[in-house]
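Bear in mind that the values in this text are calculations on the coordinates, not laboratory data. Keep in mind the model is a prediction, meaning the values are calculated, not measured. When we count neighbours, we look across all protein chains shown, and the Cβ atoms used for this are built from the backbone with ideal geometry, even at glycine.
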Amino acid sequence: MGLVQLPDYYLRTALAEQKLVPVLEEFQPPEEGVWAVYPPNRHLSSKVRLLLDFLAEHLGRSG
């Protein structure tokens, strides 16, 4: 048993299944994005494009 501060996408399932409960929510820092940094090429490799699409689908997009 203990406390941990992790991004909500790590804990989404456990919170939904009530295996974990949020505490001290008033001290939660503002939302922080997940960034994918890659060279500014006009044509991304298919592997990079697949990764970016996967991250966007599973972690959501901001803005």
Taking region 38-56 and the residues there that are of a type in the set (S, T, N, Q) and assigned to a loop (DSSP other than H, G, I, E, B), the one that is surrounded by the fewest Cβ atoms within 10 Å (Cβ to Cβ) would be N41
Can you say whether Q5 is surrounded by 10 or more Cβ atoms within 10 Å (Cβ to Cβ) and either hydrophobic (A, V, I, L, M, F, W, C) or free of Cβ contacts under 8 Å to residues at least 60 places away in the same chain (or both), as far as the supplied structure shows? no
Which residues, counting only those in region 13-37, are surrounded by 10 or more Cβ atoms within 10 Å (Cβ to Cβ) and more than 10 Å from the chain's Cα centre (by Cα)? T13, A14, L15, L20, Q28, A36
Quick check on V37: is it among the β-branched types (V, I, T) and touching a residue at least 12 places away in the same chain (Cβ under 8 Å)? no
